[in-house]
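Visitor: Handing you this structure, nothing more for now.
We did not get these values from a lab; they are worked out from the coordinates using the rules stated. Fair warning: this is a prediction, and the values are worked out from it, not measured in the lab. Here the Cβ is made from the backbone with ideal geometry for all residues, glycine too, and neighbour counts use every protein chain on show.
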Amino acid sequence: MFDNLQDQLQEVFDDLKGKGRLSEADISVAMRRVRMALLEADVSFKVVKSFVTKATARCMEADVLESLTPAQNVIKVVLDELTSLLGESESKLELAPNKQPNVIMLVGLQGSGKTTAAAKLAYLLKREGHNPLLIACDVYRPAAADQLETLGGEIGVRVYRSDEKDPVAIAKAGIRDAIDNLKDVCIVDTAGRLHVDEDMMAEAESIKAAVDPDEVLMVVDAMTGQDVVNVVETFSERVEFDGVIMSKMDGDARGGGALSVREATGKPIKFISSGEKPDSLEVFHPDRMARRILGMGDVVSLIESAVKVQQEEEEAEATERLRKMDLNLNDFLDMNRQIRKMGGVGKLISALPGGDRMMSQGQVDEHALDRMEVIINSMTKQEREKPDIINGSRRARIAAGAGVTVTAVNQLLKQYSETRKQVKKMMSQYSDMSNNSGRGRGKKGKKGGKKRRGPRMGMPGLGGMSMADIKKIQEMME
Amino acid sequence: MGLFSRFTEGLQKSRESFREDVNLLLNRAPKVDEEFWDGLEEALIMSDMGGYSASTIVDKLRNEAVRKGYRDARDVLAALNDQIAGEFVDGGDAILGEDGIVLFVGVNGSGKTTTVGKIAKQAKDAGRTVILGSGDTFRAAAIEQLEVWAERADVEIVARERGSDPASVCYETIERGEQVGANLVLIDTAGRLHTSADLMRELEKVVNVVRKRANMPVRLVLVIDATTGQNGLQQAREFNGALDLDGVIITKLDGTAKGGIAVAVAHYLKLPIVKLGVGEQLDDLKDFDAKEYAAALIGDFGTE
């Protein structure tokens, strides 16, 4: 039993790690896990089935990138497929510019978060310069109109309510009220209804016919399971919504339902709603959702920042030095600065698959690098380039200058010399290997050299995820 | 036959659609072959039981089928019924049946307030002295909503204005309960996502206050929406870890959702199911019975 998707895929890729090529059997093992992972993310069974078939076929294709490890190839295929299924571009609210008022109608099951979403939508529109009116059409749930009125009061948006028992009449009167009060957008909040409740579905149809909405949005709880397909299909048939708001995205549900909604109805997800605050309604990004479903962290924005920071020349130079086993303390410093530019160790690690877990378990010391830098800054230029000359009295001076104990300085130097030893050992291995395989020596050397940086930089538990891997993923994304 | 007679609402739909699936299986593959097992796993997954739970159950059944020499799909499905029913633990009846203080917790929109209202009505009709506490001081109009339910059920309610400290509302509710000699105190709490550390801490505080002040056994019930997918297990784990739950109520079983997550929750957390919510009316609350629930999920072939 795995707690979350992240673990599952991690395991898939751990199994594949170190293999040069993927056999059919490997792909099938990986895909079985991907299938299970998607099911645990609440993606609908049928969608999972067709997804796995497609992804397997793509993995079998010859033109998978040779520069990537097998695991990275699988990630790329799975991620690409997911993103394209979720809809490749962002989808926005479509309001008619010359219509007064535009009408947005919200529908959904009980407890999906319609009323909260209505208030958030009103807040969003208000901030965009609109003058919205909320219309409370839920006449069934006790105090539903009170709830909307309270929320409206908090964000300074007027709420139309009535003691009338007929929601269609309330909706119509609400629109008239909007016209009278020069409101340009109406948001009609309707009662929660079950898709199998014939009377209630008919009522939703009547409200829709009465208010002639420009946008009908269905609110879907991100935690919904397999049943989401039945629900959205019926709603799509009866009230033909234009898009979806995924609610409760601030939880840890993977939201696989988003994929099912897309597949079952073809309707786009327009917004995600996460939290109780009025400003927590965001535009939907399919690529981010794909990564969330896969539990992959925000690899892309990490890569974006990596690209900005990383200068190829710098790296080539460092690689060359590494290859000659001429590693000095300036390398430590460079690395730290690059990482800080990317947002620090914390951000770096949490953006990696499995990283959030490590961060939350306290396995990562975010400030280890800063302490290291302080110590190195207290060294002379000569000491940094040739750390071997650092003797006892130099150590004492450095410690005093950095405001740390001599033990800390010793630790740093010990770490340095161990890293150098490892690099040395590995470089000889890699040059053997590259000679045998006939591959470019420089490239292999580069990879090998970089590989050591993970552990060297004091990122315990990173499990081989290093700058080289980030670079690989970056190549993969392009 | 009588076993299923009470189960005409709510789960009926689940059962029918499941039966359709399994019937299809039966027609297509009366023999127990690979296709049958795959189809069975699919049907279980579709009930929101979870990929792992489904494949565990299917694996167990496969072994059993060989060992016990099941002749056809019918035997297997009968065994499946037993197996699913066997996942549930007893003890759900006592939670509302005995005197005590019951707190209802869960994520937003799971149906806590509605459930509290229905339970109040049921207990009141059974001749018990019930008092409600409106511990949801956060959501707009939650208090008003519970007040309407209290009126419908004709029971007393203790409420303060929105934004006040939920722990003190609970304290007051228990005190008032003592004064009027209530033997069932039902406390609604604000919905919160299990991932919100602050809100979970607040709830722990509320529960601590209730436990300290209580003059009767305190029980905690998690309310889960039947449409919830695999995140339901995570919810149950987190709430159980923070509060040490006593039972679970599954709501909204009147749709097409099969509520298979209940099997996973029972399997992993050994929590009994207290009640089932099957609609929005006052009496849309059913007792839980493991055999019935399992039968409702897998269809009643034995009785056809």
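Visitor: With θ set to phi - 60° and the Karplus curve 6.51 cos²θ - 1.76 cosθ + 1.60, what are the ³J(HN,Hα) couplings of segment A:275-292 in order, to the nearest whole Hz, using x for Gly and Pro?
Guide: x, 8, 6, x, 8, 9, 10, 10, 5, 7, 10, x, 5, 5, 5, 4, 5, 5
Visitor: Still on this structure, please answer the following. Taking just the alpha carbons, could you work out the radius of gyration and Dmax for segment B:92-287, both in angstroms?
Guide: In order Rg, Dmax, the Cα atoms of segment B:92-287 give 15.1, 44 Å.
Visitor: Given the C-alpha centroids of segment A:20-58 and segment A:83-135, what is the distance between them in whole angstrom?
Guide: After rounding, the separation between the Cα centres reads 35 Å.
Visitor: Arranged by the count of other C-beta atoms within 10 angstrom, fewest first, what order do B:D75, A:D331, A:D212 take?
Guide: So the ranking, lowest neighbour count to highest, is A:D212, B:D75, A:D331.
Visitor: Need one number: % antiparallel among DSSP beta bridges in segment A:102-287, to the nearest 5. Before the final figure, lay out the partial values.
Guide: Details: 3 of 30 bridges.
Here the share of antiparallel DSSP bridges comes out near 10 percent.
Visitor: Starting from the amide H of A:T224, placed 1.01 Å from N in the peptide plane, find each other amide H under 5 Å away whose residue is 5 or more places distant or on another chain.
Guide: B:G229
Visitor: Past 25 Å, Cα to Cα, is the threshold; run A:K54/A:K76; B:K60/B:K258; A:K165/A:K208; A:K49/A:K114; A:K277/B:K275; A:K208/B:K118 against it and keep the listed order.
Guide: Working: A:K54/A:K76 13 Å; B:K60/B:K258 22 Å; A:K165/A:K208 17 Å; A:K49/A:K114 31 Å; A:K277/B:K275 33 Å; A:K208/B:K118 32 Å.
The answer is A:K49/A:K114; A:K277/B:K275; A:K208/B:K118.
Visitor: Something else now. Inside 10 Å of the C-beta atoms of B:259-265, what's the mean count of C-beta atoms belonging to other chains?
Guide: Numbers: counts 2, 3, 3, 0, 0, 1, 0.
If you average over the peptide's residues, the count of other-chain Cβ atoms is 1.
Visitor: Now for a separate question. On average, how many beta carbons from a partner chain sit within 10 Å of the beta carbon of a residue in A:253-260? Let's see the in-between values first.
Guide: Values: counts 10, 4, 2, 3, 2, 0, 0, 1.
Average per residue, whole number: 3.
Visitor: If the label point is 7 Å along Cα→Cβ of B:S164, which residues in segment B:126-147 have backbone nitrogen under 18 Å from it?
Guide: B:131-147
Visitor: Here's something else I'd like to know. For A:V103, enumerate residues with amide H under 5 Å from its amide H, sequence gap 5+ or separate chain, H modeled in the peptide plane.
Guide: A:C186, A:D214, A:E215
Visitor: Oh, and also: For an R0 of 56 angstrom, estimate the FRET efficiency from the Cβ-Cβ distance between A:D197 and A:H367 and round to the nearest 0.05. Intermediate values should be presented prior to the final figure.
Guide: On the way: r = 56 Å, r/R0 = 1.01.
The formula returns an efficiency of 0.50 here.
Visitor: Using each residue's phi in segment A:399-416, evaluate 6.51 cos²θ - 1.76 cosθ + 1.60 at θ = phi - 60° and report the 3J(HN,Hα) Karplus result to the nearest Hz, with x for Gly and Pro.
Guide: Along segment A:399-416, the couplings run 4, 5, x, 8, x, 10, 7, 4, 4, 5, 5, 4, 4, 4, 5, 5, 4, 4 Hz.
Visitor: Where both partners of a DSSP beta bridge lie in segment B:177-304, what percent of those bridges are antiparallel, to the nearest 5? Kindly include the intermediate steps, with their values, before the conclusion.
Guide: Details: 3 of 11 bridges.
The antiparallel proportion sits near 25 percent.
Visitor: For a quick check: sort A:I207, A:I179 by the number of other beta carbons within 10 angstrom, fewest at the front. Could the numbers behind the result be given before it?
Guide: Details: A:I207 26, A:I179 13.
Fewest to most other Cβ atoms nearby, the residues stand as A:I179, A:I207.
Visitor: May I pose another question? What ranking, highest mean first, results for peptides B:48-60, B:218-230, A:371-383, A:101-113 when packing means the other Cβ atoms within 10 Å averaged over each residue?
Guide: Details: B:48-60: 21.4, B:218-230: 27.4, A:371-383: 16.5, A:101-113: 25.3.
Per-residue Cβ counts within 10 Å, averaged per peptide and sorted highest first, yield B:218-230, A:101-113, B:48-60, A:371-383.
Visitor: Full extension from B:R62 to B:V180: what is 0.36 nm times the residue separation minus their Cα-Cα distance, to one decimal in nm?
Guide: Working: separation 118, 0.36 × 118 = 42.48 nm, distance 5.70 nm.
Gain on extension, B:R62 to B:V180, equals 36.8 nm.
Visitor: May I ask you to compute the full-extension gain from A:N330 to A:S84, defined as 0.36 nm times their residue separation minus their alpha-carbon distance, rounded to one decimal in nm?
Guide: Values: separation 246, 0.36 × 246 = 88.56 nm, distance 4.37 nm.
Value of the extension gain: 84.2 nm.
Visitor: Per residue of B:138-147, how many C-beta atoms from partner chains lie within 10 Å of its own C-beta, taken as a mean?
Guide: Values: counts 1, 7, 14, 12, 5, 2, 7, 6, 2, 2.
Partner Cβ neighbours, averaged per residue: 6.
Visitor: Looking at chain B, send over the antiparallel percent of its DSSP beta bridges, to the nearest 5. Walk me through the numbers on the way to the answer.
Guide: On the way: 3 of 30 bridges.
Of the beta bridges lying entirely in chain B, close to 10 percent run antiparallel.
Visitor: Say R0 is 35 Å: what FRET efficiency, to the nearest 0.05, do A:Q411 and B:R201 get from their beta-carbon distance? Intermediate values should be presented prior to the final figure.
Guide: On the way: r = 37 Å, r/R0 = 1.05.
E(calc), rounded to 0.05, equals 0.45.
Visitor: Using Cα springs under 10 Å in a Gaussian network model of chain B, which residue among B:D82, B:D289, B:D254 shows the largest mean-square fluctuation?
Guide: Ranking B:D82, B:D289, B:D254 by mean-square fluctuation puts B:D82 first.
Visitor: At 0.36 nm per residue, minus the direct Cα-Cα distance, what do A:N181 and A:E24 gain on full extension? Give it in nm, one decimal, please. Don't skip to the answer; put the middle values down first.
Guide: Numbers: separation 157, 0.36 × 157 = 56.52 nm, distance 6.65 nm.
My answer for the length gained is 49.9 nm.
Visitor: Based only on other Cβ atoms within 10 Å, what is the fewest-to-most ordering of A:C137, A:C186? Kindly include the intermediate steps, with their values, before the conclusion.
Guide: Numbers: A:C137 29, A:C186 25.
With the sparsest Cβ surroundings first, the list reads A:C186, A:C137.
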